[in-house]
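These notes concern the structure reproduced below.
The values are calculated or read from the model by the stated rules, or taken from the named source; none is laboratory data. All values derive from a computational prediction rather than experimental measurement. Don't worry about glycine lacking a Cβ; one is built from the backbone with ideal geometry, like all the others, and counts go over all protein chains shown. What goes into the accessible areas is simple: the full protein's heavy atoms, side chains included, and nothing from ligands, DNA or RNA. Shrake-Rupley method; radii C 1.70, N 1.55, O 1.52, S 1.80 Å.
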Amino acid sequence: MFAGDCIRESFADGYTLTEPKKQTCLRVAVSLPVEGTYTYAVPDFLTGQVAIGMRVRVPFGKRTVTGYVLEVIPFPDIAQSLKEITDVLDPLPLFHKNMVPFFEWVSRYYLYPLGLVIRNALPGGINMDTYKSAGLTRKGTEALEKGGLPPQEKERLLWVRDHPGARLPRPLHTIYRLRERGFLTFIDRAPRNPTGPLLRRFIKAKDEVHLREIVASLDSARSGARNEAAFLTRVLSKGAILQSEICKEFPNGRYLVEKWVKKGIVEGFVAPVYRNPAGGLLSPSITPEVLLEQQASALEDIKQRLRRRRFSPCLLYGVTGSGKTEVYLRAVEEVIRNGRQAILMVPEISLASYMFGIFSSRLGERISIYHSALSRGERYDQWIRLAKGDVDLVIGPRSAIWAPVPDPGLIIVDEEHDTAYKQENPPRYQARDAAVVRAKMEKAVALLGSGTPSIQSYHHSLSGRYHLVRMPERVEKRPFPEIEMVDMRSETEYGGKGQILSRRLKEALRSEIRDGNQALLFLNRRGFHRLYVCLTCGKTMQCPNCDVALIHHQDNRLRCHYCGFHSALSAECPSCHGKRLKPYGFGTERLEDELRKVFPGACVARMDTDSTRKKGSAVQILRKFGAGEIDILVGTQMITKGYDFPNVTLVGVIAADLSLGFPDFRAGERTFHILSQVAGRAGRGTKKGRVIVQTFNIDHYAIKTAITHDYDAFFEKERGLREALGYPPFSHMTCLRIKGNSKEKTAEAARFLGEAMKEIIAGWPRRGKEIKILGPAEAPLFRVKGKYRWQILVKGGKVALVNHLVEAVDRLFKGRLQSKGVELSVDVDFYQMN
């Protein structure tokens, strides 16, 4: 049910509307950066047309904005003083009543306005910003009639007169002056939803009996237009057929359609069609005849918890290649048998497509894929299918946590350790943690799966907060791949500076290609060269907007991976005007180029953000690799996630210590996860696998424990370090980022907030001791996209106390500093220190 107790009659597809009453009101979250919710009255002409989960237009100050209905309640005593909603934007609710507490929790925990949380959760294209239009005042009309206006002003006024309700053209400052003179009045408008069902024209038989008689007479008399009998037979056989489809099949199809529609034998109609977002199946799944003992045991444990219909958070710790996907699949089947739905989250969009192929081949059509790379129309279709209850399983990256399924019984977070589950733009939620909270609210099972669990999740399982399910062996007891470490310091001495491939890795690649096997090479660095350096003054070519070096790409352009700035290669240094410029370092583009030179007979492909920008390109690369058409696949961490390619027998890690250089207490954990996961792609079939790791830092504990497959040793070392320093999971940390265009004003604001925070906690004699403030300090990347950046870290044992302090600081900032061109953003449980 959607509208709580205030529901009576139903409408199309089983959705409910508010009971017609003389007086009702709504609790609404507006799509603006404001706190709290607001109460509005429902006017008589909209009574019975609004329900929880719908969007409405509401007056807010001098504007009219979009709001989201959270509750339908009896009209209060203050009825006459309430403003009324002006419109209802949706024919059907976009989310269910049970989603409201979850939206409210995300808003409270991550300190982000509730209306904006919902706005970001809904599919793109539904949320359209209001725009300004204008109308002529009487004074403006008289000015036009009199004449004598400057040409530009006359042109603007004529445009407004001739384009009623249209979005005002830029630049707006010229139009603002006309408003100040009283010639124009401004109106805020919201465009009607441009995203909706995809409508197509169909044809069908109007009278099947009569049509059969006509077909029979045409066959016997051999009269009528050429292929007319075949056309009508086709219409009979399909029931309803797309007009475009039949016109492709018959060259004279349009003529035949018009002829028989006029005769009243065939009728045309318009209906919505489903946009298939998944393309073809990537990897159909074969059902194993018998589960392994560890799979059967883990599955039975999970099934028992599903049958209880109570909240149960579980950590499925199964080593890479242990068969976790089959356990997921059968757990989903159990949920569906029980009449509930499931959500499966994966860290990458490309992995979502891969998993969709596996699951849809077993579960059929009541399965959805949902992610940001779909078109607006595709996302809308999938969202409506989910809200209507037409889907049993939805698969997607972190955005799938918002899926409006009516009764989720299982939420799976595959590769739960992956940092991709943390959203870096507002609202900055952690989808894994949010999945656990949503499962609690829905009385569902939260199943977090990983071959190398996050420190936080494994700590929770050892403390009893999560139920631990272990799968310690690979399928068919296949051995772990042999891992060999290459010290690149000695390789540099042998091959000179800039050596990409070690001798050992070249030999191994040559051997595997000769034997008809495949290889994965992992390098978490895009581009061709990493630096473009002036040999005269020693300076690198820097981004003009960010404090980072420009990356040299294969198309001979320098690009910034933070703000998108790009330029042609410079002939001279902008600092000293020297002409001696040289590229240094390497990325995935140069590695791909090097492999093609060393192995000219091999098919080499690359999978990174640059090579997969086109829709469907990642799926195409994976499909070719799975079919054995690619010998060596080069990639960033996109290739490390959960794929199962049995013919991969060699994995090469080009620079294992790259992630150790990040200014982050999780750097060691990230390095361990990446190495373990990419190594797990080797030897998943009947052939034994091997891994070659190139590094300059052979003694780091994260690299040594990853090479020996010793997660327990890594966990104990990492847990000890974090406990001693008071880092998560032994505390909660929030990052306050202060950004501004002025270097001086930004620094001043950061110092002011730092001092204010210390004064606030000094006034909390008991609880203040539980909080530590680190900073303010310049951010590791001091300037990004033209803005100077400072940060303050807040550390405390309880997140509620930390958030209480941050909320007080936010109020202070809005009152004292917001007008000075400085921004404050809050990142609760942050993951990126840059």
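From the P(r) of segment 575-630, can you give the percent of Cα pairs sitting at distances over 13 Å? Of all Cα-Cα distances in segment 575-630, 70 percent exceed 13 Å. Summary value for segment 588-723: 21 percent relative contact order, contacts being C-alpha pairs under 8 angstrom separated by 6+ residues.
The relative contact order of segment 533-662 comes to 16 percent, based on Cα pairs under 8 Å that sit 6 or more residues apart. To the nearest 10, the accessible area of Trp764 is 60 Å² with a 1.4 Å probe.
Separation of the alpha carbons by more than 21 angstrom is noted, of Lys324/Lys422; Lys743/Lys772; Lys204/Lys388; Lys303/Lys477; Lys422/Lys641; Lys477/Lys688, for Lys324/Lys422; Lys743/Lys772; Lys204/Lys388; Lys303/Lys477. Computed log10 I(q)/I(0) for segment 335-411 at 0.13, 0.21, 0.22 Å⁻¹: -0.32, -0.88, -0.97, from the Debye equation with unit scatterers placed on every C-alpha and solvent omitted.
Taking a straight line from the alpha carbon of Lys739, these lysines sit under 19 Å away, with near neighbours fewer than eight places off in the same chain left out: Lys785, Lys787, Lys814, Lys820. Only helices reaching 24 angstrom along their own axis (Cα) with mean Kyte-Doolittle hydropathy no lower than 1.6 count here, and not one DSSP H run of the chain does. Rounded to the nearest 20 debye, the dipole magnitude of the chain is 1900 debye, with +1 charges on Lys and Arg beta carbons, -1 on Asp and Glu beta carbons, and the Cα centre as origin.
Of the residues His371, Ile336, Tyr317, the one whose Cα sits farthest toward the positive end of the charge dipole of segment 312-392, with +1 on the Cβ of Lys and Arg and -1 on the Cβ of Asp and Glu, is Ile336.
Considering only beta bridges that DSSP places wholly inside the chain, some 60 percent are antiparallel.
Its Cα centre serving as origin, segment 305-435 has a Cβ charge dipole (Lys and Arg +1, Asp and Glu -1) of approximately 520 debye. Of all lysines in the structure, the ones whose alpha carbon falls short of 17 Å from that of Lys139, not counting any fewer than 8 places away in one chain, are Lys154. Rolling a 1.4 Å probe over the protein heavy atoms of the chain, with every protein chain left in place, gives an accessible area that is 49 percent carbon and sulfur.
Computed packing ranks the peptides 695-702, 645-652 as 645-652, 695-702, most packed first, by mean other Cβ atoms within 10 Å. With helices as the sole contributors, the chain gives -10500 deg cm²/dmol at 222 nm; each DSSP H run of n ≥ 4 counts as -39500 (n - 2.57), and the sum is divided by every residue. Computed from the Cα positions only, the extents of segment 25-110 along the three principal axes stand at 36, 27, 25 Å, in decreasing order.
With the highest mean first, a sort of the peptides 62-70, 517-525 on other beta-carbon atoms found within 10 angstrom per residue produces 517-525, 62-70.
Within the same chain, lysines fewer than 8 places from Lys206 are excluded, and of the rest, those with a Cα less than 29 Å from its Cα are Lys238, Lys248, Lys259, Lys262, Lys263.
With 5 Å bins beginning at zero, the pair-distance distribution over Cα atoms of segment 446-496 amounts to 4, 14, 16, 12, 10, 12, 10, 9, 7, 4, 2 %.
Quotient of the Cα radius of gyration of segment 702-834 and 2.2 N^0.38 Å, N being its number of residues: 1.22. Convex hull volume of the Cα atoms of segment 454-611, normalised per residue: 207 Å³. Considering the dipole of the chain built from charges on the beta carbon (Lys and Arg +1, Asp and Glu -1) around the Cα centre, which of Ser659, Val486, Ala134 is farthest to its positive end? The residue sitting most towards the positive pole is Ala134.
One quarter of the convex hull surface built on the alpha carbon atoms of segment 368-442 amounts to 5.0 nm², the projected area averaged over directions. Protection proxy ranking, highest mean first, for peptides 609-622, 340-353: 340-353, 609-622, where packing is the per-residue count of other beta-carbon atoms within 10 Å, averaged.
Protein heavy-atom accessible surface, 1.4 Å probe, per residue over the chain: 45 Å². Normalising the average separation of contacting C-alpha pairs (under 8 angstrom, six or more residues apart) by the number of residues puts the relative contact order of the chain at 9 percent. If the Kirkwood radius is taken over C-alpha pairs of segment 641-712, then at 4 °C and 1.567 mPa s the Stokes-Einstein diffusion coefficient equals 102 µm²/s. Here segment 545-588 is treated with +1 on each Lys and Arg Cβ and -1 on each Asp and Glu Cβ, and its dipole about the Cα centre works out to around 160 debye. Size descriptors for segment 582-672 (Cα atoms only): Rg and Dmax, in that order, 14.6, 44 Å. Across q = 0.07, 0.11 Å⁻¹, the chain modelled as identical point scatterers on its alpha-carbon atoms has Debye log10 I(q)/I(0) values of -0.69, -1.47, in the order of the q list.
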